[in-house]
Each structure stands twice: as C-alpha cells, then as structure tokens.
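Remarks on the structure that follows.
The values are calculated or read from the model by the stated rules, or taken from the named source; none is laboratory data. Remember, predicted model here, so these are calculated numbers, not experimental data. So basically every Cβ, Gly included, is an ideal-geometry build from the backbone, and we count neighbours across all protein chains shown.
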Amino acid sequence: MSAPLLEAIGVRKQFPGVLALDNVSCRLGRGEVLAVVGENGAGKSTLMKVIAGVYQPDGGEVRLNGVPVWFPTPLAAMNAGVSLIHQELNLAENLSVLDNLFLGREPTVGGPLKLLDRKSCTAVGGRLLERVGLPAAYLFRTVGELPPGQKQLVEIARALGLDAKLLIMDEPTSSLTQKETDRLYEVIDALKAAGVSVMYISHRLAEIKRCCDRAVVLRDGKNAGELAKADITHDNLVRLMVGRDLKSFFPRTHRADGGKTVLSVRDLRYAGGPSHAVSFDLKAGEVLGMAGLVGAGRTELSEAIFGLRPIVGGEVTLNGQPLRIRRPNDAVRAGILLVPEDRRLNGLVLQEGVGFNLSLPNLSRLTTAAVVRPKDEAAMHAESIRSLRVKTPTAAQTVGLLSGGNQQKVVFGKWLARGPKVLVLDEPTRGVDVGAKTEIYTLIDELAGRGVAVWMITSDMEELLGVSDRVVVMHEGRLAGELPREKVSEEAVMRLATGGA
Amino acid sequence: MNEKLKLGLCLLAGFAAVSAVWIPAGLPFRPVQFPVWYAAAAVAVGLLAYTFEFSRRNLIRLTGVAVLLSGLLVGLGFSNENAFGRSNVVTVLNRHGELGVICVGAALLIITGGIDLSVGSLVGLAAVSFGVLMEAGVHPLAALLAVVLVGLTAGVGHGLLVTQLRLQPFLVTLCGMFVYRGLARTVCKGGTGRVAVETAVGSAAEKAKAAAVVGEAGEDARMAILGGAEKAADAEAVAAAGRQAAEAVSGSLLDLRFWLTGKDLTEREVFPAQLVLMLALAAAAAVFLHRTAFGRYWYAIGFNAQATKYAGVNVWRHQVSVFAVCSLLAALGGVLLFLYAGSVKPTDAGQEYELYAITAVVLGGVSLRGGEGTAIGVVLGAMVLPVVRTLMNFTQTPSDWVPWMIGLILLLGTVVDELIRRSKAGR
C-alpha cells in the first residue's frame, strides 16, 4: 500500500498559556474528503494552520506522500500543493479575479522586462475558473464586487492554479447562502473525482454527511476519535466532541417561572437593521436563548440595545421605566451589560492585567475624587478571581496570556461586580474549552437563580437546547418565532431559522 | 499606613534628589520665593517616584533611556571641566524643562493612541502671538491666558474632528501643522518679521515716554492759556497713568520671564524655572496616569478603544480632553520659548518640536502603538536631547554635524531600547 497523501503524526503546538494541539494525528488519502470536527477551541483551526504552514509544530511531524515536510511559511506549503482557504478570505479585493488568480506568480514574457503575459493568463485563468464552475468572463470582474460564495470559488481556483493536491477549508459555508453552499458541494465532488483531497472543518452535521468520507474529532487539542461515513450521526459526534454525559454538562437549578418582565423591547428599529420592527420581553430569572443563522441580525440587535447602534424607533423599557440608550455608558448605568461576541477585540484590553480589566467598568465605585483606592481595588480583584475560579497566577497577569475560558471569566467578572439586571451574552462560550464551558453554564444558571435576566445569543445548538428556558429565533432581522423549553428541538429551531413556517 | 510611609520616603527622596542638584550647583535660596520653587521641585520628584509602579514591565521600559542618559552624562563630564558648573547646569535643565512641558502633553496623547504633528507649529504660533500681544502692550498675564486658551481651543478642535468625524489624528494634526505655521506668519504681518522681548519692553517704555510728552504738552498749554488749566491737569493725569501702566507692563513682563524661565534683567539664568514647571506638570500627569480612573481609561483607550467603549466609558470625551491638554501645553511651551529665547521668528519658531517631542517620549518608553508609558519615562526621555546638544557644543562638533549626530544618537537609543525589551520580554 502506498503512503497516504497526508499524514500528521503526534503534532504538538504550544501557545502562551495553552497547549492548542497535544499529540494529534490524522491521515488523508488521495481524493478523500475528511471532516475535522470539534468544539470551538478544540484545536481544529490550529491543526489546519500547522498543516498549511501558517504555524510550525512544536513537536511531531507532517508527512506528504510519506516524506516528512517542514513548511516555514504558507507559501512553502502552497508550493508543495497544500492550500488553505481561510475563513476570512485572503483575496486582494481591489484587483480583478485574473490578477488574484496569478498574484505573486504572474506568467511573464520579454525576459528581464517581465511583462505580464496576459494572453496565457487569460487562457489558464479561464480553465481554472471552469473547474470551479465559474464562467471565464468573471476573470475581469473586481473581486470586491463578488458575493462571498464566488470569492470562495475564486480562492479555490487560485489554489488549483498552484496545482493543489490538498485543499484545507475552514468553515467554508459559514457565510454562504444555501445555493452557494450547494455549488460548493458540487465543486468538492468534482475535485474529489479529479484526485484532489479536501480537509473540511464544519459544525454542520448535514454538511459533513453530505460531502465527507470520514470525520476526525478533536477535543481539547487531542484526538477524541474517528468516525467512518456510516457512523457519522449526531449522537456519535456529540459524544466524541463533548466527551461526557450531556445532563451534567448543563446544570439547571434555577426555576424560570413567574419572574416579572425586566426588559421589554417594543417595535425597535435601529440603524443598519431590517425594516421590520422587533419586539420581545425578557423576564427576571430566565435564560432567553436567541438562535438564528449567521447574519440573521442577532448581534446587531444586541448592539442596538447596548447603545452601540443608534436606535431610530420603538421603545426599550427596563422594569417598566422607559430607557433612552444612546451609548454603551447609558446601558451600563442602567444595568444592561453585554458580554460581546469578539472577546479579544471588544471584551478585554488584552495587553493589560486581569485586575486592570476587572476594574475598568467598576472604577467609579473604587475611587475617591477619581483617585483609585488600592485596597478596595485589590479586594475586588481577589473576590472576582476567587468566585469565578479564574486560573491566573496573580491579578497583574496579562489577560491575553490566559486561556479562552479564563479570559471569558474575566469578562463576566467585569460585569458581575456591577450587579447586572440584564446580562446579554453573545456567543458566551466561543473559543472556550470544554471544562470552562461547564463552569460558564453553571454561572449562567446561578445568575438566573439570583434573578438576573439573561439573554443568550448562540449558534451552538447544544448550548441553546441545554441552557435556555425559552428560545426565540431570528431570521433576516426579524423574530421568526418563539419556542418554550418543552418544544425546543434542533429541527424546530432550524425550521424557523431558515425561514420555514 | 504602608502607603503613607511610602509617600513619606518618596518625598524625602525627592528632597534629596533636588538638593543634590540645587546645592552643588549653587542655586539661590533667597529671597523667599526660591525655597518655594525648590520645595515644589522636590515634591514633584517625590510624587513622580511615589506614583511609579515598580513592575518589571515598567523597569524594562526605563532601562534603555537610563543607560543612554548615563552614558551621555559621563561623556558630558569628560568633555568640559565646567560641564557640571552652575551656569551650564541651569541652562541644560532649563532646556530640558522647555522640551519637557511639550513632551508631557504629547505623551498623554500618544498613550491614548493619538498623535499630534501640529505641536511645533502651535509652539510657533503661541510664541509669536504672545510676542505680538506684548508689543501691543497687553498685560503679560492676560496674554498668557489668551494664548493658552487658543491652544486649548485648537486641541478641542483636533479632538472633535478625530472623534466625531472619525478622521485620522495624523491627518488632522498634519493640516493643523500648516494652518498654525501660516497663522503665525499672518499674526506677525509678513513672513520674515520677528517679535522680541526687548521690543516689547521697549515699546512699553516708548509709551511711557509718549505719555510724558503729552504731560509736557499739557504743561505748555497751561502756560500759554491760563483758562485751559483744567484740560492741562487732565492731560497730566492721563500722562501719569499711561506712564505707570507702561512701566507696569514692561515690569511684569520681565517678572514673568524671571519666574517662568529663570532669566533675570541681565539675561542671566539664575535658576532652572522651566524645569521646575515641567516637573510640576509631569507630577500632575503622573498622578492622573497612575493613580486615577482617568489614567486607567487613557491606557485602556490606547490599547483598545473598542473594548473601553464596550466597558461603558465615554471614550470620545477622554480623547478630546487629551488632545486639548496636548495643545494647551504646546501653547504654554510657545510662551516659554518666546520668553527664554528673547526673540522668535514666525517662520521657524518651534519648528520640528513635534518630532523632538515624539522622539523624546518614545525614548522614555511611551509606545507609538498606544497604551504604554510612564510619567518618569517622559521626564527622562525629554532630557536626552538637551544633553546631546550641550555635549556637541562642548566637543565643538561642527554645526553641520549636529542634526545627523542627533539623529544617530536617538536611533541608537531606540535600537538599544527595543533590544532590551525584546530580550527581556522574550522570556
């Protein structure tokens, strides 16, 4: 038997404060499509990046056709036939499709003059586009004008132009429409038939079943198991991904009944939002789960209520009092606190210490005539770190060096010290390891038990089903429907999220 | 209790440090105003030490500039036997103070992630405007207030353009750089004119003389027409009042010069007043940066304005304030420049000061990326350039060498700094 196209053996990758990959192995044959599955933070993206030369492994090795390889840069990997299609596409938006296809390796004529050989560009480029199912006329379109799905195809075409034998796709369908997704599946099938192998990261079960031959599951940076096509089922995947019984994973001690309405949103319209007005209520002591596809407008809605987007119509009332929110400061004063989706960009000042971040929104209570009272501040830090079980050597530790889970606990800590009335959680466990996830779920449960109204936006179906007392589903900027806890199921949520009745 | 002890020790250290300069250099303790300046300097140094957080990160930031300064000072000591003599010490410290006043503002702005390229032009505009107001006979304190207010307004303008229209600070202040330089020339009526302390004092004296002439004319009139006695008395009173006012203006201008720059009537530098002023401002900045909520917000904004906004802080107000402080201190620096130099030209007064200020604060450990820096670092960073200048002077370096030597020494400083930081942070 000949060596497989790709073999990763015992790959290890260490980042400051976190071991992202711990002895991970996988193999991939020619013309095979392999799904890499795992929770956020399980190490999928890191593995892809190690294979594609973005990161270099700290241990173990990667073999291509049985020969150990070392890619110091993504370019080296591309030249060896391994191309990574990024989540954030790496195309020069201001250039034409043609220019992008040949960027950095333009065929030239005229010897030292290095004139662009437009003729052969056009011919070769046309053939490349044909392979991904785009008409040759697209060569002269500017990339920035194309919809996301077609940009992705252009990027695939570029990889094919480099004679790619292995394409690595990191959540390729996350921003595509259904039609674009179907098109991508067809392209993958065609590539497969032509002997190109594909590694595919996805969270969507249906997608994995549709186009993958095998699934490798990662958990906490380790191999958690492997499933052949026939064994890919929801239960099997989740069992491997989570690695424990789901019941204890989502603790529920609070009883969400009869709480009075804390936040009431009536006919809300906001800048950059949909033309439909949005209305919903949030009760004390309940966890309201908000589901929807990426781009359904959930984050935008939360931004409007947190004062980050101008509200242009409708009314927000808090405990029956109308509330005017023009900037985050207004929301924070009123007790509406947001744990943002992008923790590293919006939630924390990464370069500063744990304590600095914990203090930031609480300084008004820790100062006398604006001068910080060091003792009170230290006491507040100690209390937050202890009660949230933040794993940090000291309060002075730079927060960017903590693991995702501990960073998220610091974001929670910032707000808990203020005593939230409404806590808005936008993807609260994204990039958080499994252990810390349970702790965060426990925390959410405790907060609801104390009467805090929790509004949780999540794309993680398990989390939605496990934590919410009630689920509302958004579709294209409007609330498509509401499901009480008893009626919440993946199918019901997806039907609403995709616009079905 | 512990904090109080620390404060006490730091203040003692401040007095010790200031005494170590003040006494050997033979700076005056009489009349009574001098002990006040001496004490102010000592308290300021004490506060700078007290507010400094002795963390590894902060110490690393200061290592580079400390090493560079020590080297330069040793070199200075060898270059001339009078290097640490009284007059030279006062001159170097005064220059240090003049640049330092501007650096404090620039540092606060850079810490919050901004930048101000208009500082030099604003220094020029402030210097020239102050001079023109002096020559027009405006009271010096009123003129000082007016010029500083103009600076404040300019800064608020920069801040509003940056925060409300979302323009880049680089661009806004680049435009400011041209505008203020041009205004300086307009204010001075023509490109090549200059304003000078002597002219201002002289014109006040002229007025006094003119008033005397009016008085004499009145006298003559009385002699000629007896009936005009009343008018003549009026004229005399007017003349006396004018003389008095003119003398008061010229006198208070010279007083102001003495208390702000330490130059007495004979242009001799008696004590480093500009340094004391700068230390006081730096100490205030230190308290703000390292001890108050404002400082926290400024650092947070410098690293991540977005996250600070999400934490419920009114980020734009802080940004506008810091732009305002930076421009205000630049205007104050302009007044100092006029008083210290004695005369300024609108074409080159304060030219390149923004670049000196930026280099100085970067040497002092303030990162251009924002979010990093200490008040002590700014004080030390501002000292490098004046010392380099003096060293070049003593070693009789040809004047055409000066700019590139300065450039290379500053480059050396930043390289050493970066290397130290990298080797220590790498672990």
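Sub-6 Å Cβ pairs linking a first residue in the stretch A:299-323 that is crowded, with 21+ Cβ neighbours inside 10 Å to a second residue that is among the aromatic types (Phe, Trp, Tyr) and assigned to a strand (DSSP E or B), at least 6 apart or interchain, are A:ALA304/A:TYR270, ordered by first then second residue. Within the stretch A:167-175, one or more residues are at pLDDT below 85, in a strand (DSSP E or B) and within 22 Å of the chain's Cα centre (by Cα).
Here's the yes/no breakdown for (1) surrounded by 23 or more Cβ atoms within 10 Å (Cβ to Cβ); (2) at pLDDT 95 or above:
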| site | (1), (2) |
| --- | --- |
| B:GLY333 | yes, yes |
| B:VAL361 | yes, no |
| B:VAL378 | yes, yes |
| B:VAL387 | no, no |
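Go through the stretch A:59-105 and give me each residue that's in contact with a helix residue (DSSP H, G or I) (Cβ under 7 Å, 6 or more places away or on another chain) and either of a type in the set (D, E, K, R) or free of Cβ contacts under 8 Å to residues at least 24 places away in the same chain (or both). Across the stretch A:59-105, the qualifying residues are A:PHE71, A:GLU93.
Which of (1) away from chain A (no Cβ under 14 Å); (2) surrounded by 20 or more Cβ atoms within 10 Å (Cβ to Cβ) is the odd one out, the single condition B:VAL315 does not satisfy? (1) is the only condition that B:VAL315 fails.
Considering the stretch B:257-286, and only residues there that are surrounded by fewer than 19 Cβ atoms within 10 Å (Cβ to Cβ) and at pLDDT below 95, the residue that is nearest to the other protein chains (Cβ to nearest Cβ) turns out to be B:TRP259. Considered as a group, the residues in the stretch B:370-385 that are part of a helix (DSSP H, G or I) and within 18 Å of B:GLY302 (Cα to Cα) include one that is nearest to the other protein chains (Cβ to nearest Cβ), and that residue is B:ALA375.
Criterion applied to A:LEU176, A:LEU184, A:LEU167 was being touching a strand residue (DSSP E or B) at 6+ places or on another chain (Cβ under 8 Å), in the same structural domain as A:ILE51 (by TED's automatic domain parsing) and on the phi < 0 side of the Ramachandran plot, and the one residue passing it is A:LEU167. Has the stretch B:20-39 got any residue that is exposed (fewer than 15 other Cβ atoms within 10 Å of the Cβ) and at positive phi? There is at least one residue in the stretch B:20-39 that is exposed (fewer than 15 other Cβ atoms within 10 Å of the Cβ) and at positive phi. All conditions in (1) of a type outside the set (D, E, K, R); (2) surrounded by 22 or more Cβ atoms within 10 Å (Cβ to Cβ); (3) modelled with pLDDT under 90 hold for A:VAL50, with the sole exception of (3). The condition (being within 15 Å of B:LEU385 (Cβ to Cβ) and surrounded by 15 or more Cβ atoms within 10 Å (Cβ to Cβ)) is satisfied by just one residue among B:ASN94, B:ASN80, B:ASN58: B:ASN94. State all residues of the stretch A:45-92 that are among the polar types (S, T, N, Q), closer than 13 Å to A:ALA20 by Cβ and assigned to a loop (DSSP other than H, G, I, E, B); if no residue qualifies, say none. Within the stretch A:45-92, A:GLN56 is the sole residue that qualifies. The residue list A:ALA42, A:ALA20, A:ALA8, A:ALA35 contains one member that is free of Cβ contacts under 8 Å to residues at least 60 places away in the same chain and either in contact with a strand residue (DSSP E or B) (Cβ under 6 Å, 6 or more places away or on another chain) or assigned to a loop (DSSP other than H, G, I, E, B) (or both), which is A:ALA8. Inclusion of B:GLY155 among residues that are in contact with a helix residue (DSSP H, G or I) (Cβ under 9 Å, 6 or more places away or on another chain) and assigned to a helix (DSSP H, G or I) is warranted.
Picking from residues in the stretch A:276-296 that are part of a loop (DSSP other than H, G, I, E, B) and among the hydrophobic types (A, V, I, L, M, F, W, C), the one that is modelled with the highest pLDDT is A:ALA284.
Picking from residues in the stretch A:354-385 that are within 29 Å of the chain's Cα centre (by Cα) and more than 11 Å from chain B (Cβ to nearest Cβ), the one that is surrounded by the most Cβ atoms within 10 Å (Cβ to Cβ) is A:VAL354. Could you go through the stretch A:339-350 and let me know if any residue there is over 24 Å from B:ASN58 (Cα atoms) and in contact with a Leu (Cβ under 8 Å, 6 or more places away or on another chain). Scanning the stretch A:339-350 turns up at least one residue that is over 24 Å from B:ASN58 (Cα atoms) and in contact with a Leu (Cβ under 8 Å, 6 or more places away or on another chain).
Each row is one residue, and each column tells you yes or no for (1) among the polar types (S, T, N, Q); (2) under 20 Å from B:ASN58 (Cα atoms).
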| position | (1), (2) |
| --- | --- |
| B:ALA331 | no, no |
| B:PHE338 | no, no |
| B:GLY342 | no, no |
| B:PRO346 | no, no |
| B:LEU363 | no, yes |
| B:SER367 | yes, yes |
| B:GLU372 | no, yes |
| B:VAL379 | no, yes |
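Counting only strands (runs of 3 or more DSSP E) wholly contained in the stretch A:185-275, the ones carrying 3 or more residues that are farther than 30 Å from A:SER403 by Cβ occupy A:261-270.
Among the residues of the stretch B:13-33, how many are of a type in the set (Val, Ile, Thr) and part of a helix (DSSP H, G or I)? So the answer is 2. Here B:GLU98 meets the list (1) in contact with a Phe, Trp or Tyr (Cβ under 8 Å, 6 or more places away or on another chain); (2) part of a loop (DSSP other than H, G, I, E, B); (3) acidic (Asp, Glu) almost entirely, failing just condition (2).
Looking only at the stretch A:1-17, filter to residues that are out of contact with any Leu (no Cβ under 7 Å at 6 or more places or on another chain) and within 28 Å of A:THR392 (Cβ to Cβ); which one of those is modelled with the lowest pLDDT? Across the stretch A:1-17, the extreme among qualifying residues is A:PHE15.
Every test in (1) touching a residue at least 40 places away in the same chain (Cβ under 8 Å); (2) within 9 Å of another protein chain (Cβ to nearest Cβ); (3) crowded, with 18+ Cβ neighbours inside 10 Å is passed by A:ASN346 save one, and that test is (1). Within the stretch B:1-28, being within 22 Å of A:LYS375 (Cα to Cα) and touching a residue at least 12 places away in the same chain (Cβ under 8 Å) holds for B:LYS6, B:LEU7, B:CYS10, B:LEU11.
Scanning the stretch B:335-344 finds one or more residues that are part of a loop (DSSP other than H, G, I, E, B) and away from every other protein chain (no Cβ under 14 Å). Consider the stretch A:441-487. How many of its residues are out of contact with any strand residue (DSSP E or B) (no Cβ under 9 Å at 6 or more places or on another chain) and either of a type in the set (Gly, Ala, Ser) or in a helix (DSSP H, G or I) (or both)? Qualifying residue count for the region: 8.
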